[in-house]
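Below is one structure, written out as structure tokens; comments come after it.
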Amino acid sequence: CFLMVLSFTTISCKKNQDKVASFPEIVNDLKSYKLTGTLESNFPSGTKVSNITVYYKNPDMYRVELVLPNSLEKQVILKNTDGVFVLIPSLNKNFKVSSNWPLTTSYPYLLQSLSKDFIADEEKELEKREEYTTYKLKAKLFDNALDMYQKIVFDNKTGMPTEVSIYKNDDTMISHFKVESLEVDIDIKDELFENNKT
């Protein structure tokens, strides 16, 4: 009986671990998602906290909303068939950016960005726990930035990230993103990604 329980536990853990290891495939198969979370960014002047909401629709439409808590200040990044745009609704401003965003930089709140980094680092380190698996892998915040790394904590049951921390190589934390909710394969209207609807 004990042997059977041990065998079942081993198989169950292996199944969950396989799910985390299959994170890039899971992301690649998503039709859409809505992700919310809190981003803490550390600067020499202090810590800045932003509430973030991400909408994604296959194959390549993104909407990222950044809002400062207790503030009306809001910034929206849109990627649609017309390009990449930065919008500031309170000022009714709309800027088109010449960019292949979000492919060039590590973004802790974009599943596709995490997946890209996950695949690219063949020397990533793994730490397994009963409920969570943590991967340590390379990160790139800016085109010419110094080497950095990130730690991604995955839920073993879902295979999805629950938090992401980015560090300098001297172990100084630059940012920490905590996932609050994630809905996948939901119905998202195309108009959400249109400039004139924001």
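Brief remarks follow.
- Assigned charges on the beta-carbon of Lys, Arg, Asp, Glu; the stretch 19-77 dipole about Cα centre (debye): 140 debye
- Computed over the alpha-carbon atoms, the stretch 98-162 gives an Rg to Rh ratio of 1.00, Rh here being the Kirkwood radius from the mean inverse distance.
- Note on the chain: with charges restricted to the Cβ of Lys and Arg (+1) and Asp and Glu (-1), its dipole about the Cα centre is near 220 debye.
- Mean residue ellipticity, 222 nm, helices only, the chain: the sum of -39500 (n - 2.57) across DSSP H runs of n ≥ 4, divided by residue count and rounded to 500, is -5500 deg cm²/dmol.
- Cα centroid of the stretch 134-198 to Cα centroid of the stretch 28-60, whole Å: 6 Å
- The stretch between residue 25 and residue 38, if pulled fully straight at 0.36 nm per residue, gains 2.1 nm over its current Cα-Cα span.
- With all protein chains modelled, accessible area of residue 172 [1.4 Å, Å²]: 60 Å²
- Our summary gives the chain a relative contact order of 23 percent, counting only alpha carbon pairs under 8 angstrom and 6 or more residues apart.
- Fully extended contour minus Cα-Cα distance, from residue 95 to residue 141, at 0.36 nm per residue: 14.4 nm
- Residue-count net charge about residue 25 - beta-carbon cut-off 12 Å; Lys, Arg +1, Asp, Glu -1: -1
- Placing unit charges on the Cβ atoms of the charged side chains and taking the dipole of the chain about its Cα centre, the candidate lying farthest along the positive direction among 89, 166, 42 is 89.
- Gain on full stretching of the segment that runs from residue 60 to residue 18 - 0.36 nm per residue minus C-alpha separation: 12.5 nm
The values are calculated or read from the model by the stated rules, or taken from the named source; none is laboratory data. What you see is a predicted model, and the numbers here were worked out from it, not measured in a lab. Don't worry about glycine lacking a Cβ; one is built from the backbone with ideal geometry, like all the others, and counts go over all protein chains shown. Just so you know, the surface numbers come from the protein's heavy atoms only, side chains and all, with ligands and any DNA or RNA stripped out. Shrake-Rupley method; radii C 1.70, N 1.55, O 1.52, S 1.80 Å.
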